[in-house]
Amino acid sequence: MKNGPIFFLSLLAALTFSWVGLALASHRQLDSLVPYYDPAEAKAFPEPMPGIAARGQLVYQDLGCASCHTQQVRRADMGNDIDRKWGTRQSWARDYIYQNRVQLGLVRVGPDLANVGARLKSATEVYQLLYKGTATMPAFAFLFSDSPLGAQTGAIAVGQSEGHQVVPTRRAMELAAYLLSLNSPHAYGPEAAHNAVKPAEAPKSAEEPKK
Amino acid sequence: MSSPSQAIVSESDKTARVPLVLLLVSAFGWLIVSTVLSLIGTIQLHTPTFLASCVAFTHGRVDAMQESAFIYGWAGNAAFAVSLWLLSVLGGTPLRGLGLLTTGAAFWNLGVTAGVVSIAAGEATSIPFLQMPGYIQPLLFVAAGAITTPAVLAWTGRSSDSTYASQWYAVAAIFLFPWLFSAAQVMLLAAPVHGITHAIVANWFGQNVITLWLLPVAVAAAYYLVPKLTGRAAAHYEFAKLGFWSLIVFGAWTGGRHLIGGPAPVWVSTVAVVALYLLLFHYLVVAINLPAGLFAWNGSATLRFVAFGLTAYLVNGLADVITSTHAVSQLLHFTYFSVAQSKLLLGGAFSFLIFAAVYEMGPRISGAKWPAPGLIGTHFVVAASGTLVTVLGLAFAGWSQGHAQAETANNFAAVAAAAKPGLLIATAGEAILLGAAIIAFFHLVRLQLESFSTASSSRETPAPSAP
Amino acid sequence: MSANHSDPSEPRRLTDQEIIQVHDHAGEETVDDGGSYKLLPLVMLAALSSLIFFGGTYIGLYAGHFAPTVHDERGTASAVVITKVDPAVIGKKKYELLCTTCHGPAGMGTPGLFPPLAKSEWVVATDEKLIRILLNGLAGPVTVDGKEFGAAAGAVAMPAIGPGGAGWNDSDIAAVATYIRQAFGNTAPEISTEKVTEIRTKVGTRGAWSSAELQALK
């Protein structure tokens, strides 16, 4: 290590190499993923998020919902995500091409939300959950405001107490729209073909692929 | 036990005292902040109503604040201080550019404070390891530049051509961090990439903050302290260089480990798994180089910190490989087990090696002895038990959570019930860790107060000759 | 604790300069010890190279050919991508888009107004006729399944869906033709896009056919 400049250059090369290999390569590669046009549906998938849902994603970010929820379904032989009906198939990179800041998450304190839009019945259901919480999920009551009963708010009330009703704020509505938009069941052609493992090959129980 | 001997004072160099103490005191202050936040966050996991009505302390924000306070507040400040100091003492040269360094350190801490406050106000980026909002990041980057410049000067201006492993690790950390940081700021915030690429880049950055910035400083400290305190050279030192390069070269590719089974193309996680296996070589080298530190359980308190830190470091390396396998990953990925692992690495390996370094360096930069040497041993016992209880509690919680989730019939109330005992244990552990952090902080502050009174009683610290 | 200073068991500390010096030449003299190799370097070499060998093999096997669409380490990018969709599926969508309004979802038509497609000889008879009807439309009196349609003054005509009318492309026309030939109880062979193209080129754009003109075709 007597040679200073070479030492610095080697350090830089090691980092740059990993940057080119991981960051730049995946950037170039995943940029090639365009929406998949399905002739049968005469539509391209995934579909872009509506504007209100995109704003809802910012609420999701700032409240850090990702600290308890993932948004990535694992394949059938890796955990029971699909048995839990979190999705019909594994999440693929193409599902996220319209998202600026993916919310993959690291810990599942609560269920995976990648396709939660398919499970939620209405915005009201989301409001009930966020306003009251459950025994395991915290309430987000600060996303709601009090207004006099009968006031024209144009919003669905989630609760009432004498003379007052609890209505979702704009942020709550955006968040609900975001959650309801989360759903990508579509089986894109290339992914469907490239990840199909012949039933005989797919290990029934989860073992590490043989080395 | 670790009371400063004559040699420490003789090796003392107080010229860089102001900036280094500024970095250290802030670091230990941030450690208290992050431990409090960690405690709150863990309580919220088993009692979701805790502080739920307070938007600034909603779980997601507590999590993001805790991470920022820990990584940039505690670990960042401490890593800067230790690597600067190691480069100065091993380079045989006093630190230069102290004005720049002090200013940089002040702005770094202002930046982190502003960042943590803005997360509380709802500005978190939601990017792991880069939670502080985009408008704070350039300030942090410039401050980091100001802090690292004196380190580079200390390296290039070293008095001897020969260098030692600690210097390589410290230089690598100091030199690679700005590149890493700027690449991440551009690709994640300023001109962000989209979709899964964003997640891949974020993982590349987040993992390398640990692997290429924080851990090298901890390893540098270990390589320095073991020969220093045991009086014995590192064993089989001829492999040290290979060990160093294997960390830098292989470690840089481990980012994809969090994407195993996830929506990134499979090569990303496959490459990461292979890199984790290859890293085993690095751990092997550290183990054969520093057995004197690894098994120093009945040495001085400082050495016991080293022993704990090194053990945690090696255990974590193995755990990384094991949890990346298909069978284990499908069970424990996405559970508290991964939280336990990161606590073991950052709170165990990194923090303990840094504590050891601070116990060595504190007196030498302040020109005074630790006011209560016994407190070092107390700190060790409290910190070690706190870390063990927290890590084991979380690992147990994660294990139960993973098994409960694997039963499709279990709803999330049942999963939460299964994880609760472990989480309660971890909560107790966090509380103990808070005690440890407070002990360390006050000891450091008292050392500074002490050294001021020493300095005023005798203008010059007597510098007896080395034994 | 402070008594430990003088404790002889307390190891001597190395100075910073000593640390550098004692490590500076480490290893250099031990490489080749008069022909007898040391074991450890060989073990380390073996460890590193077997790790690298393992890593290389693992990447070769499980990196999914480095393709962006492979998410399963046993998946393979060379699998043939079948993007061809069953024309009947497209045909059904297309039918529901346009034809249901007049011919009804079950192809039963409306008595006296719109002829049925179920049991229609026009649908199952020659490709030539069906394709022409779809391309250019059909007007005037026509007998379908024994019933008279379009004879009344001001009767609605069958609109053209080819380039001169709704502007469908050949493959969509082929798809809808195939669909009506195989739905509603009809059974007739499918119609290929090539056949539609062939006839379209032959007849060009023109007004609606009359039943007599079509009957005149062989």
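The values are calculated or read from the model by the stated rules, or taken from the named source; none is laboratory data. Since the model is a prediction, treat every value here as computed from it, not as a measurement. Here Cβ is always computed from backbone atoms with ideal geometry, including for glycine, and neighbour counts include all displayed protein chains.
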Residue check for B:Phe442: at pLDDT 95 or above, farther than 18 Å from B:Ala340 by Cα and surrounded by fewer than 22 Cβ atoms within 10 Å (Cβ to Cβ)
yes
What tally of residues in region C:194-216 results from selecting those that are over 18 Å from C:Val123 (Cα atoms), among the basic types (Lys, Arg) and assigned to a helix (DSSP H, G or I)?
1
Quick check on my filter: what residues within region C:135-177 are without any contact (Cβ under 8 Å) to a residue 60 or more places away in the chain, buried (at least 20 other Cβ atoms within 10 Å of the Cβ), within 17 Å of C:His103 (Cβ to Cβ) and under 37 Å from the mean Cα position of the chain (by Cα)?
C:Met158, C:Ala160, C:Ile173
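Quick check: anything in region B:88-98 under 19 Å from the mean Cα position of the chain (by Cα) and in contact (Cβ under 8 Å) with a residue 40 or more places away in the chain?
Step one: list which residues in region B:88-98 are under 19 Å from the mean Cα position of the chain (by Cα), which gives none.
Scanning region B:88-98 turns up no residue that is under 19 Å from the mean Cα position of the chain (by Cα) and in contact (Cβ under 8 Å) with a residue 40 or more places away in the chain.
Residue by residue, here is whether (1) over 17 Å from B:Met361 (Cβ atoms); (2) without any contact (Cβ under 8 Å) to a residue 40 or more places away in the chain holds:
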residue: B:Val209; (1), (2): yes, no
residue: B:Trp213; (1), (2): yes, no
residue: B:Ala222; (1), (2): no, no
residue: B:Ala234; (1), (2): yes, no
residue: B:Phe250; (1), (2): yes, yes
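Let's see how each residue does on (1) in a loop (DSSP other than H, G, I, E, B); (2) within 14 Å of chain A (Cβ to nearest Cβ); (3) closer than 25 Å to A:Arg108 by Cβ:
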| residue | (1), (2), (3) |
| --- | --- |
| B:Leu51 | yes, yes, yes |
| B:Gly60 | no, yes, yes |
| B:Ala64 | no, yes, yes |
| B:Ser68 | no, yes, yes |
| B:Ala75 | no, no, no |
| B:Ser88 | no, no, no |
| B:Thr102 | no, no, no |
| B:Ile119 | no, yes, yes |
| B:Pro128 | yes, yes, yes |
Kindly establish whether B:Val219 is farther than 30 Å from B:Gly134 by Cα and more than 14 Å from chain C (Cβ to nearest Cβ).
yes
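Can you work out which of the residues in region A:66-119 that are hydroxyl-bearing (Ser, Thr, Tyr), part of a loop (DSSP other than H, G, I, E, B) and crowded, with 24+ Cβ neighbours inside 10 Å is farthest from the other protein chains (Cβ to nearest Cβ)? Can you show your working first?
Our first condition is that a residue be hydroxyl-bearing (Ser, Thr, Tyr); within region A:66-119, this holds for A:67, A:70, A:88, A:91, A:96, A:98.
From the residues that got through so far, the ones that are part of a loop (DSSP other than H, G, I, E, B) too are A:70, A:88, A:91, A:98.
Narrowing further to those that are crowded, with 24+ Cβ neighbours inside 10 Å: A:70, A:91.
Values: A:Thr70: 6, A:Ser91: 4 Å.
If we take residues in region A:66-119 being hydroxyl-bearing (Ser, Thr, Tyr), part of a loop (DSSP other than H, G, I, E, B) and crowded, with 24+ Cβ neighbours inside 10 Å, then A:Thr70 is farthest from the other protein chains (Cβ to nearest Cβ).
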Considering only residues that are among the aliphatic types (A, V, I, L, M) and farther than 29 Å from C:Ala67 by Cα, look in region A:12-53 and name the one that is farthest from the chain's Cα centre (by Cα).
A:Ile52
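Only one of C:Ile191, C:Ile131, C:Ile180 is among the β-branched types (Val, Ile, Thr), surrounded by 22 or more Cβ atoms within 10 Å (Cβ to Cβ) and part of a loop (DSSP other than H, G, I, E, B); which?
On the way: C:Ile131 fails: part of a loop (DSSP other than H, G, I, E, B); C:Ile180 fails: part of a loop (DSSP other than H, G, I, E, B).
Of C:Ile191, C:Ile131, C:Ile180, the one residue that is among the β-branched types (Val, Ile, Thr), surrounded by 22 or more Cβ atoms within 10 Å (Cβ to Cβ) and part of a loop (DSSP other than H, G, I, E, B) is C:Ile191.
Does B:Ile260 meet the test of being within 11 Å of chain C (Cβ to nearest Cβ), touching a residue at least 12 places away in the same chain (Cβ under 8 Å) and within 28 Å of B:Phe380 (Cα to Cα)? Break it down stepwise before answering.
On the way: within 11 Å of chain C (Cβ to nearest Cβ): yes; touching a residue at least 12 places away in the same chain (Cβ under 8 Å): yes; within 28 Å of B:Phe380 (Cα to Cα): no.
No, not satisfied.
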Could you grab me the full set of residues in region B:325-365 that are surrounded by fewer than 23 Cβ atoms within 10 Å (Cβ to Cβ) and of a type in the set (Ser, Thr, Tyr)?
B:Thr325, B:Ser338, B:Ser342
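Of all the helices (runs of 4 or more DSSP H) wholly in region B:305-421, which have at least 3 residues that are more than 10 Å from every other protein chain (Cβ to nearest Cβ)? Walk me through how you get there before you give the answer.
Details: elements: B:326-332, B:336-342, B:351-366, B:373-406.
So the answer is B:351-366, B:373-406.
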When (1) under 16 Å from B:Asn77 (Cα atoms); (2) touching a Leu at 6+ places or on another chain (Cβ under 8 Å); (3) among the hydrophobic types (A, V, I, L, M, F, W, C) are applied to B:Ile127, the one that fails is (1)
Unmet criterion (only one of (1) away from chain C (no Cβ under 14 Å); (2) not in a loop (DSSP other than H, G, I, E, B)) for B:Pro192
(2)
Residues of region C:41-68 that turn out to be at the interface with chain B (Cβ under 7 Å from one of its Cβ atoms) and not hydrophobic (A, V, I, L, M, F, W, C), as a count
5
Might you check whether a residue that is surrounded by fewer than 23 Cβ atoms within 10 Å (Cβ to Cβ) and not in a helix (DSSP H, G or I) occurs anywhere in region B:236-255?
yes
